[in-house]
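To keep things clear, I will list the structure first and then write my remarks on it.
The values are calculated or read from the model by the stated rules, or taken from the named source; none is laboratory data. Note that the structure is predicted; figures quoted are calculated from it, not measured. Using ideal geometry, Cβ is built from the backbone for each residue, glycine included, and neighbour counts are taken over all protein chains shown. Protein only, heavy atoms only, side chains kept; ligands, DNA and RNA dropped before computing areas. Shrake-Rupley method; radii C 1.70, N 1.55, O 1.52, S 1.80 Å.
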Amino acid sequence: MLDLKFIRENIKKVNKGLKNKGEKISLDELLQLDGERRKILVEVENLKYRRNKASEEIGKLKREGKEIKESIGEMQKVSERIRELDDKLKELQEKTKSLLLMIPNLPHESVPVGKTPKNNKVIREGKPQKKKFNFEPREHWEVGESLGILDFPLASRISGTRFALLKGKGARLERALINFMLDLHIKGGYKEILPPFMVTGESMMGTGQLPKFSIELYKCKDDDLYLIPTGEVPLTNLHKNQIQKEKDLPLNYVAYTPCFRREAGSYGKDTKGLIRNHQFNKVELVKFTKPEDSYGELETLVSDAEKVLELLEIPYQVVALCTGDLGFGAAKTYDLEVWMPGENRWREVSSCSNFTDFQARRINIKYKKEGTGTLEYVHTLNGSGIAIGRTFAAILENNQTEKGTVVIPKILQPYMNGLEIIDRD
RNA sequence: GGAAGGGUGGCCGAGCGGUUGAUGGCGCUGGUCUUGAAAACCAGUUUCCGAGUAAUUGGAACGUGAGUUCGAAUCUCACCCCUUCCGCCA
């Protein structure tokens, strides 16, 4: 959520940011409602002032045992008028708020301007080199299915399309990845959280999934509960309605969670394998920082996520998203993409974003400045550290051998009971 | 799901129709005292939305929402959450 006052005073800047983000929403209605709201606010507050004074007077007279009569009749009329104006005010406030909730965050000035992913910029490539294969590398689902560690037909018999089922060493590998990443980030100074995987609508509102993107969410029929589409939601809501101490910032959290996404509108896209499923595992990183530190912390966040790929020895690149490709709440985003030799393309495994005060304003997370004692919104950041399913797929594709086996990355072997190679059972 | 009790400021805890944004305590901040610290004492210590260049000033908030009233933290209703007990259950 943007600051209404900021919008009022920086219309040009806001419009430019919205345009760069490819957002066609108009501010006219919002500003008009806001003007009307403030006009009525002044009027009703004056009336309330009158009423408060009169009530005070009546109280005094009553205590002295004197008669009151005529002033009460007059106050009845005033109160009625106040009620009318309050109703009107409430209506205006709700409209204003709901418009405000539909406005995305503005891009940071360092974000490349552009409309489509084609305008994204590759910032750097990771250390691990792309491997040369002396055979035609296969796609991960072929590798996995022939090893008997992935079973998509079975998954779809149980749950329909876009689900995966891991078996034996596959299930073990998935679990190894989760533990390895958690351990790595805990060592890096993140506090581990195991949050609920279902959250209220209010929490979804806080991080920005609602009201605009309800189509992407699984909602429980009889309760106001949603399955989380990312660990970002429970983690960012951790400090809802709280005031932090300046010296406690930044706060760093890591959590493993499954993620649930309807993937509406992606019919026919990536229908095979582990790339775009309704349920996948992810290790998520979230930071709460001081505003002046947030862009520096974003760089740290990205390199913390990169470390995972470096240690797993998977080739990757860091991409800065252009304005048009940024998510709703993000001011700046870096994606990490891994090389998939079987598919012969890059695939996103992590998205690290600075949300500035956009989410903090929605869920009301502030911090107290030490010198002045004033309150300010914190900045929130999050990034995958990293997506497990796609990493699993990348390992199968990058580490496959001509015989069809898969070499387990060294760093994971202790998590696999020393196993070095996955072959057919 | 049923029953009972409860939700008040950073925390504890009063208040149960009329200067109560809210006694008191703890904590925190500043000061006095002290070589320094502690103790003691004094003072300060919620947030949001407006008006105004500003000093300043108005309004709102006691789980949430509605209602009664000239006036509600205090009364009524609905909902949410917490605690305990019962039922069910991994």
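Here A:K269 is the anchor, and the lysines within straight C-alpha reach of less than 20 Å, apart from those fewer than 8 places off in the same chain, are A:K118.
When the surface is traced with a 1.4 Å probe over the full set of protein chains, A:S146 keeps roughly 50 Å² accessible. Per the Debye calculation on chain A with a single equal scatterer at every Cα and no solvent contribution, log₁₀ I(q)/I(0) for q = 0.08, 0.12, 0.14 Å⁻¹ amounts to -0.54, -1.02, -1.30. Per the helix-only calculation at 222 nm, which mean residue ellipticity applies to chain A, given -39500 (n - 2.57) for every DSSP H run of n ≥ 4 and division by its residues, nearest 500 deg cm²/dmol? Theoretical 222 nm ellipticity from helices: -12500 deg cm²/dmol. Taking chain A as a Gaussian network, where each spring joins two C-alpha atoms under 10 Å apart, which residue of A:G59, A:G160, A:G231 fluctuates the most? Of A:G59, A:G160, A:G231, the Gaussian network model singles out A:G59 as fluctuating most. So which aspartates and glutamates pass the test for A:K403, namely a Cα distance under 16 Å, with those fewer than 8 places away in the same chain ruled out? Output for A:K403: A:E136, A:E139, A:E142, A:E145, A:E420, A:D423, A:D425.
Backbone phi angles across segment A:91-98, fed through the Karplus curve with coefficients 6.51, -1.76 and 1.60 (θ = phi - 60°), yield HN-Hα couplings of 4, 4, 5, 5, 4, 4, 4, 5 Hz in residue order; Gly and Pro are listed as x.
Taking 7 Å steps out from each Cα toward its Cβ at A:F6 and A:E45 produces label points 2.3 nm apart. Against chain A, whose longest principal axis comes from its Cα atoms, helix A:28-63 is set at around 50 degrees. Entry comment: accessible area of chain A is 51 Å² per residue, from protein heavy atoms only and a probe of 1.4 Å. Protein heavy-atom surface of chain A, 1.4 angstrom probe: 50% of the accessible area is carbon and sulfur, with nucleic acids and ligands not counted. Counting charges near A:V407 (Lys, Arg +1; Asp, Glu -1) among other residues having Cβ under 11 Å from its Cβ returns a value of 0. Based on the Stokes-Einstein relation at 25 °C and a viscosity of 0.890 mPa s, and on the Kirkwood radius from alpha carbon pairs, segment A:29-156 is assigned a translational diffusion coefficient of 108 µm²/s. Efficiency by 1/(1 + (r/R0)^6): what FRET value for A:Y218 and A:K62, r their Cβ-Cβ distance, R0 = 56 Å, to the nearest 0.05? Between A:Y218 and A:K62 the formula returns 0.45. Computed from the Kirkwood radius of its Cα pairs, the Stokes-Einstein diffusion coefficient for segment A:221-278 at 25 °C and 0.890 mPa s stands at 168 µm²/s. Relative to its residue count, segment A:323-425 spans a Cα convex hull of 164 Å³ per residue. Between A:D151, A:D304, A:D224, the Gaussian network model of chain A with springs among Cα atoms under 10 angstrom shows the greatest mean-square fluctuation at A:D224.
With the Kirkwood sum run over all distinct C-alpha pairs, segment A:125-251 has a hydrodynamic radius of 18.6 Å.
In segment A:147-216 the Cα-Cα distances spread across 10 Å bins starting at 0 as 16, 23, 35, 25, 1 percent of all pairs.
Approximating the spin labels as points 7 Å out from Cα along Cα→Cβ, the A:R175-to-A:E94 distance works out to 5.0 nm.
Taking chain A as a Gaussian network of alpha-carbon nodes connected by springs under 10 Å, the highest mean-square fluctuation of the residues A:E232, A:E91, A:E125 belongs to A:E91. Principal-axis analysis of the Cα atoms of chain A puts helix A:169-187 at an angle of about 50° to the longest axis.
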